[in-house]
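The structure under discussion appears below in the form of structure tokens.
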Amino acid sequence: MALRGTNQESGRPYNRRIVLESIRLHGPTTRGEIAERVHLTVQTVSTIVRELEDQGLILSVREEPRGRGIPPSMLTVNPEGGHALGIHLTPLGIEVALVNLRGDVVESRHRYTSNPMPDQAFALIREMVVELKSSPRCGRLLGAGLALPGPFDIESMSFVGPTTMTGWKNVDIGARLADATGLPAFMENDMAAAALGEQLYGLGQQLSDYYYLFFSVGLGGTMMTDGVVMSGAWGNAGEIGHIPAVPDGELCPCGNLGCLERYLSLDAFRRRGLSEANWVREITPIFCNAIRTIENLFDPETVVLGGLAPQSLIEQLATLADGLSNSVSARANRTHPRVVVASDCQHSALRGAAALAVFGVLSPRFGQMFETSEKGTVE
């Protein structure tokens with residue numbers, strides 16, 4: 001991702017976010033290196049660095065002199081300078097994690113509950129947040145980010161109901177989340193949050209254009225282009241689970257026949273009742289067709305496979321890439337395999353949700369990049 005600041009006065013919050021991200025990605029680093037990297041003046045960077053130091057978000061360390069002159073201060077992110085709450089709501093349960101500025105999951109809580117209604121979900125979130133706030137490992141909390149299943153605002157396009165969560169229509173999610181946590185609240189669909197988590201703390205540091213295939217109860221995904229989530233006109237880009245896969249196949253709750261997620265998803269795996277190896281063997285042609293479709297549509301550097309499925313199942317699916325036939329991605333000069341396993345399948349959505357909160361609080365005007373929302377009303 002190319003980080004580039006702006007010289008407009010109104011862009012100061014944006015520049016602060018860019019400088020902090022440059023330090024996180026490239027630290028230990030100097031003010032001069034940051035200025036060159038993000039195309040800002042050293043004076044502007046120095047002013048922002050002072051603010052970030054005063055807030056305890058970064059650390060400045062000066063190395064011992066090795067010759068003439070005083071070496072410049074080296075800047076790094078202070079991982080304990082602040083924490084955010086990453087929350088992942090699914091039809092299977094709710095997880096809340098305390099995440100530091102380096103993206104480490106410091107502590108977490110999980111409640112198993114099937115298709116929780118809003119009152120139950122936010123009561124459980126409040127309960128877990130109270131537990132985490134009382135933890136001795138909890139420092140200053142910046143905000144709370146929620147990742148939840150999409151698509152948003154499409155009543156017929158889900159496997160269990162509106163926004164894939166039954167009973168969540170017309171819920172002001174942002175307001176309910178802020179009330180339950182006592183913190184600034186942000187939200188995103190879980191596949192985009194997972195892609196963001198991977199971008200910031202995983203393979204995204206080596207890649208700029210990749211597709212994140214989110215293997216969950218359903219199936220979704222999102223394309224990351226130069227580090228930015230491709231969101232679509234209504235924030236629902238990437239709903240690959242509803243691409244027709246089998247002519248006259250199984251009826252999908254969306255009303256169509258043979259949708260991909262009826263065959264390739266955690267729900268599909270559990271309904272078949274097969275061992276992992278047998279199920280993977282059975283769905284191999286469907287999986288390979290899905291990967292080739294993604295490749296031909298988006299031309300990614302690689303397809304990153306992650307989600308809520310067991311790690312062993314994700315890894316077995318990734319091995320199917322060895323038998324992929326031709327697509328625009330079948331090229332000799334590749335630097336990455338056509339399919340790779342996410343660096344942290346189980347925590348990507350949590351870490352991405354926490355990052356939404358950090359970025360939203362530190363740089364509210366940066367929201368357009370990650371499609372954060374302080375309203376979060378699902379209609």
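In debye to the nearest 20, how big a dipole does the chain give about its Cα centre with +1 on each Lys and Arg Cβ and -1 on each Asp and Glu Cβ?
Values: 32 positive and 41 negative charges, 157 e Å.
Dipole of the chain, to the nearest 20 debye: 760 debye.
Between residue 112 and residue 137, what length comes free when the chain is fully extended (0.36 nm per residue of separation minus the Cα-Cα distance, one decimal in nm)? Intermediate values should be presented prior to the final figure.
On the way: separation 25, 0.36 × 25 = 9.00 nm, distance 2.38 nm.
In short, 6.6 nm is gained.
Ordering 47, 73, 83 by the projection of their Cα atoms onto the charge dipole of the stretch 30-119, which places +1 on the Cβ of Lys and Arg and -1 on the Cβ of Asp and Glu, puts 73 at the extreme positive end. Per residue, the convex hull spanned by the Cα atoms of the stretch 202-341 amounts to 113 cubic angstrom. For the stretch 11-64, GluC sites (Glu not before Pro) are listed when DSSP marks them as loop and at most 13 other Cβ atoms sit within 10 Å of their Cβ; the list is 63. Entry note, the chain: the mean residue ellipticity at 222 nm calculated from DSSP H runs of n ≥ 4, each adding -39500 (n - 2.57), is -10500 deg cm²/dmol after division by the residues and rounding to the nearest 500.
When only the Cβ of Lys, Arg, Asp and Glu is charged (+1, +1, -1, -1), the dipole of the stretch 202-341 relative to its Cα centre reaches about 220 debye. Which of the three applies to the stretch 254-326, rounded, prolate or oblate, going by the alpha-carbon gyration tensor with a ≥ b ≥ c and a/c under 1.5 meaning rounded? Taking the square roots of the gyration eigenvalues as a ≥ b ≥ c, the stretch 254-326 is oblate. Between helix 190-201 and the chain there is an angle of about 40 degrees, using the helix long axis and the longest principal axis of the Cα atoms. This ranking places 215, 122 by how few other beta-carbon atoms lie within 10 Å of each, fewest first, which gives 122, 215. Computed 3J(HN,Hα) for the stretch 320-335, one whole-Hz value per residue from the Karplus formula 6.51 cos²θ - 1.76 cosθ + 1.60 where θ = phi - 60°, is 5, 4, 5, x, 5, 8, 5, 7, 5, 8, 7, 9, 6, 8, 5, 9, glycine and proline marked x. Among 223, 74, 187, which one shows the biggest mean-square fluctuation in a GNM of the chain, springs joining Cα atoms closer than 10 Å? Comparing 223, 74, 187 in a Gaussian network model of the chain, the most mobile one is 74. Normalised by the number of residues in the stretch 202-341, the average gap of Cα pairs under 8 Å and 6 or more apart makes the relative contact order 25 percent.
Rounded to the nearest 20 Debye, what is the dipole magnitude of the stretch 85-155 about its Cα centre when Lys and Arg each give +1 and Asp and Glu each give -1 at the C-beta?
Numbers: 7 positive and 8 negative charges, 79 e Å.
Taking the Cα centre of the stretch 85-155 as origin, the dipole is about 380 debye.
Using the Cβ-Cβ distance between residue 233 and residue 166 with R0 = 22 Å, the FRET efficiency computed as 1/(1 + (r/R0)^6) comes to roughly 0.30.
Summary value for the chain: 19 percent relative contact order, contacts being C-alpha pairs under 8 angstrom separated by 6+ residues. Annotation note: chymotrypsin sites (Phe, Trp or Tyr not before Pro) in the stretch 242-322 located in DSSP loop regions with a Cβ neighbour count of at most 15 within 10 Å are absent.
Against the set (i) 74, 53, 36; (ii) 60, 42, 38; (iii) 111, 78, 40, the structure's computed Cα extents along the principal axes in Å falls on (i).
We did not get these values from a lab; they are worked out from the coordinates using the rules stated. Note that this is a predicted model, so its numbers are computed, not measured. When we count neighbours, we look across all protein chains shown, and the Cβ atoms used for this are built from the backbone with ideal geometry, even at glycine.
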